Structure formats: structure tokens, C-alpha cells
1. Quick one: 3J(HN,Hα) in Hz for region A:6-20, Karplus 6.51/-1.76/1.60 with θ = phi - 60°, rounded, Gly and Pro as x.
2. Restricting attention to region B:1-82, which GluC sites (Glu not before Pro) occupy a DSSP loop and are surrounded by at most 12 other Cβ atoms within 10 Å?
3. May I ask for the net charge around B:P61, where only other residues with Cβ less than 10 Å from the Cβ of B:P61 are counted and Lys, Arg are +1 while Asp, Glu are -1?
4. Hey, could you grab the Kirkwood Rh for region A:1-52? Inverse mean 1/r over distinct alpha carbon pairs, Å, one decimal.
5. Given H placed on each backbone N at 1.01 Å, which residues far from A:F56 in sequence or on other chains put an amide H within less than 5 Å of it?
6. For region B:5-78, build the convex hull from the C-alpha positions and give me its volume per residue in Å³.
7. Could you work out how far apart the two model spin labels at B:T24 and B:S65 are, taking each label as a point 7 Å from the Cα in the direction of the beta carbon, and quote it in nm?
8. State the Cα centre-to-centre distance between region A:45-84 and region A:5-40 in whole Å.
Amino acid sequence: MIAAILAGQTEQYHELIRPYERSVFRMALSFMKNEFDAEEVAQESFLKAFRKLADFRGEAKFSTWLISITLNEARGRLRRQGAVRIESLDETPEEGGRISPALLRDWREVPSEALERKEIRKLLEQAIASLSPLYREVFILRDIEELSVSETAAALTITPGTVKIRLHRARMMMQKQLAPQLKNANPKRRWFPWS
Amino acid sequence: MVIECKHVWDYISGYLDNSLPPDTRDLVQRHLEHCEICSAILDSTRNILVLTADDRVFELPVGFSERLHARLAREINRNPDKPPDAPTD
């Protein structure tokens, strides 16, 4: 389909990108923290991908290439807004201390009936947004977009070892923040604080 | 050999990805079998990952797709005969 678009059948671009709308928006939202800016970033990313389509060589998956463009677009916009400089002050050094998880005696079940609740979505978005950029990028690519370690490393131009370290810390930060909140969001479950 | 809880926490992510060396995985596994705290940490982390990866949690804004394709159509139709990155002369 990409060859056809490059050959002039540009209308096919609409169909090419339809499967990726959600993941590009979700990636953008995780960085921009509000839907309006995220939609702008998503639109710009799809437009840039269209303009640069001839650069796509097929060595990476199209989805990974698209995510890289989105990542750069979001970073660029944040930089222009001055947000990166502020956030970087809060950056946790990678060699920093161990992150202690939230201690809960019991959590065996996924609260699946809560999945569509806006409250849960908001908690997840807030927790992801609270990660500093280095950890957020890795977490989004690995645990939301479900890229492999090597694909994540390629998209971010870091080593697979660094992906694993950042991912571990990001997951522990997410657990620490979300486990108590999700437990409280669904009080009927048998979740007990460890005290 | 026995490992302490705080060392098990270092391996939670690798355990979930099944990327630990076999010996380490066995150590962690044995600890998890008898430690209620660490097994709850493992479960809660795993469940959070299930939630964040679930497409039902994240919805596109109403009209997102229509606005995106309308904007793309304007871009594409601006030069309908010119494929992306084609030479301009």
C-alpha cells in the first residue's frame, strides 16, 4: 500500500493509517496531558508521516516508525512550551535508589468491570503523566504499545539494557502510585492495606 | 539460597517479562510461593499492566477520526498528483 501511495494513489493513505489512530493519539496524550494538544500532535504526526513516507524503508515496522514521529512531535512541542526543562529537574537518576512498591496484602483479580469507568481511565492517565519523560517513553512503548525491548530501544535510540532498567523503574512507580488508588476505587473487592 | 523481599522487588519486571536467568527465576519463584507481600506486589503490577494495555480504557475523543481525515484530505488534495516527497520540478 505504501508503494501505491508513493506512486500517486495518495487517497490510500487514509486506509493505511486507520489502524494506528488510537495508538498515536494515546502516545500523544501521554505526553501532552490534555486532549486538545494531544489531538494536535496526533494530526501533525500523521501529516509528517505522509510527507516523509518516501523515507520509510521498511526496516522497522510502520507502527514503530509512526510512533517515533509522534514521539519527536510531542517532544518538540513540549520543548517549545518549555515543559521539558522544568520536568527534567525532577528526573530520577537511573542509578538512583530502589523504588519501594506499595504493599498490599491481597490483589488477585483484575477489576475488569471497572475498565470503562472514566475514573479508572483518569487514574491511569495521571499515573502515566506523572512519570518523568525518560520512564514514560519506555513504559508507553513497552506496556501500552506492546513493542518488544529491541523495538523500543530502536525507537528511542537507547540500548536494550537501558530499556529494561527504565521499564522496571517505571513499572514500580506505576505500582506504587496506582495500586492503593485502584484498591480504593473499587472498595467491594477484598483488598486490604498492609498495616 | 534465600533472597529477601527487597531483592525480589528488583526482579519483578524481569519476572513479568520472563527475561530472568533460570537460576534467578527459580529463586524468585520460591520466594513468591511463600511470601504474601511479594506475590501481591507481583499481582498488582501485572494487573496494572493489563489495565494500561487494555484498549477499552483509552477512548478516542468524539470526532477525532473525522477531524484527522478531513485535515489529511486537505493536505492530500492540495497537490493531488504529487506523491509525498516527490520532486517538485
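Coordinate-derived values only; no laboratory data. Fair warning: this is a prediction, and the values are worked out from it, not measured in the lab. Ideal geometry is used to build each Cβ from the backbone, glycine not excepted, and the neighbour counts take in all protein chains shown.
1. 5, 7, x, 8, 5, 4, 5, 4, 4, 6, 4, 8, 3, x, 10
2. On the way: sites: B:E4, B:E33, B:E36, B:E59, B:E66, B:E75; in loops: B:E4, B:E59.
Loop-located and lightly packed - B:E4.
3. On the way: positive: B:R67; negative: A:E35, A:E39, B:E59.
Result for the neighbourhood of B:P61: -2.
4. Details: mean 1/r = 0.0863 Å⁻¹.
Here the Kirkwood hydrodynamic radius works out to 11.6 Å.
5. HN-HN under 5 Å from A:F56: empty list.
6. Values: hull volume 9.7 nm³, N = 74.
Cα-based convex hull of region B:5-78, divided per residue, equals 131 Å³.
7. Once both label points are built, they end up 4.3 nm from each other.
8. First find each Cα centre; the distance between them is then 10 Å.
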